[in-house]
Structure formats: structure tokens, C-alpha cells
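Asker: Here it is, the structure, as C-alpha cells.
The values are calculated or read from the model by the stated rules, or taken from the named source; none is laboratory data. Note that the structure is predicted; figures quoted are calculated from it, not measured. With ideal geometry, Cβ positions are generated from the backbone for all residues, glycine too; neighbour counts draw on all protein chains shown.
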């Protein structure tokens, strides 16, 4: 995977680093909450996560897979993290998850 970051002002590198760290913290929080909510309904997971100020946009389940997006916005970057959450069809509870893609764009 290749990643390019274009900065107009080299002095922004510290702020960019801070923003990337904030994004990484949010992703870690989402993963921690997913780990804690294996066996729970996805609605309970989403509600609990929103108490941390992290909102996910999830589509309807297709064959037991729900795709969720997290959008991160800051002064220098916009990012989108896409998760696939496997739902047990028999009871509607979270079985597993994967991070499919992280897309980061500079402003």
C-alpha cells in the first residue's frame, strides 16, 4: 500500500501527526467496543459508542454482514473507516468484525 501526504506548509507536520493520532485513537476505541460487544445487538454497540462521541453510519444487513462507516474530520485531514460486522442471522447479535478500509485525504 502506498500513501502520499501533501502538505502546503511543512510547519503543519506536528498538527498532522496529532490528527493522525486522534484518528488512530478513535479506531482503537471502535475496536475495543466491538470486542466488548461481541454477542450483543449492533444497536447496543452503536449507542454505547455514541457516548464516546463516535457515530457510525451502518447499512442494513446483507446475508449477515453489516457495513459501517466512521467519518473523521479535522483541520488537515478527512478520513473514512469502513468496518464489516458479521451478525448471527439466528439472533441478530454481533459475531465478528473486520476493518475493510481506511481512506485518509488531506485538505
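Asker: Would you say residue 54 is in contact with a strand residue (DSSP E or B) (Cβ under 9 Å, 6 or more places away or on another chain), in a loop (DSSP other than H, G, I, E, B), without any contact (Cβ under 8 Å) to a residue 40 or more places away in the chain and under 19 Å from residue 103 (Cβ atoms)?
Answerer: Taking the combined requirement at face value, the residue satisfies it.
Asker: So is residue 28 exposed (fewer than 13 other Cβ atoms within 10 Å of the Cβ), under 19 Å from the mean Cα position of the chain (by Cα), without any contact (Cβ under 8 Å) to a residue 24 or more places away in the chain and closer than 13 Å to residue 104 by Cα or not?
Answerer: Working: exposed (fewer than 13 other Cβ atoms within 10 Å of the Cβ): yes; under 19 Å from the mean Cα position of the chain (by Cα): yes; without any contact (Cβ under 8 Å) to a residue 24 or more places away in the chain: yes; closer than 13 Å to residue 104 by Cα: no.
When the stated conditions are applied, residue 28 does not pass them.
Asker: Among the residues of segment 31-42 satisfying the criterion of being part of a helix (DSSP H, G or I) and modelled with pLDDT of 90 or more, which is farthest from the chain's Cα centre (by Cα)? Before the answer, list the steps.
Answerer: Quick first cut of segment 31-42, residues part of a helix (DSSP H, G or I) only: 31-36, 42.
From the residues that got through so far, the ones that are modelled with pLDDT of 90 or more too are 31-36.
On the way: 31: 8, 32: 11, 33: 11, 34: 11, 35: 14, 36: 15 Å.
Result: 36.
Asker: A further question follows. For residue 70, work out the one condition from (1) under 21 Å from residue 101 (Cα atoms); (2) in a helix (DSSP H, G or I); (3) in contact with a helix residue (DSSP H, G or I) (Cβ under 9 Å, 6 or more places away or on another chain) it doesn't fulfil.
Answerer: Single failed check for residue 70: (2).
Asker: Next up: Which of (1) surrounded by fewer than 12 Cβ atoms within 10 Å (Cβ to Cβ); (2) in contact (Cβ under 8 Å) with a residue 24 or more places away in the chain; (3) closer than 12 Å to residue 77 by Cβ is the odd one out, the single condition residue 39 does not satisfy?
Answerer: Only one criterion in (1) surrounded by fewer than 12 Cβ atoms within 10 Å (Cβ to Cβ); (2) in contact (Cβ under 8 Å) with a residue 24 or more places away in the chain; (3) closer than 12 Å to residue 77 by Cβ is unmet by residue 39, namely (3).
Asker: Check 80, 86 and return the single one that is in a strand (DSSP E or B), over 25 Å from residue 17 (Cβ atoms) and in contact with a strand residue (DSSP E or B) (Cβ under 9 Å, 6 or more places away or on another chain).
Answerer: Only one candidate passes the filter, namely 86.
Asker: Continuing with this model, one more query. Looking at (1) more than 17 Å from the chain's Cα centre (by Cα); (2) at pLDDT 90 or above; (3) surrounded by 13 or more Cβ atoms within 10 Å (Cβ to Cβ), which is the only condition residue 67 fails?
Answerer: For residue 67, the exception is condition (1).
Asker: Follow-up. Give the residues of segment 6-21 that are surrounded by fewer than 14 Cβ atoms within 10 Å (Cβ to Cβ) and either modelled with pLDDT of 90 or more or under 15 Å from the mean Cα position of the chain (by Cα) (or both), sorted by residue number. Lay out the reasoning, then the answer.
Answerer: If we filter segment 6-21 for residues that are surrounded by fewer than 14 Cβ atoms within 10 Å (Cβ to Cβ), which is where we start, we get 6-11, 13-14, 17-18, 21.
Selection gives 17, 18, 21.
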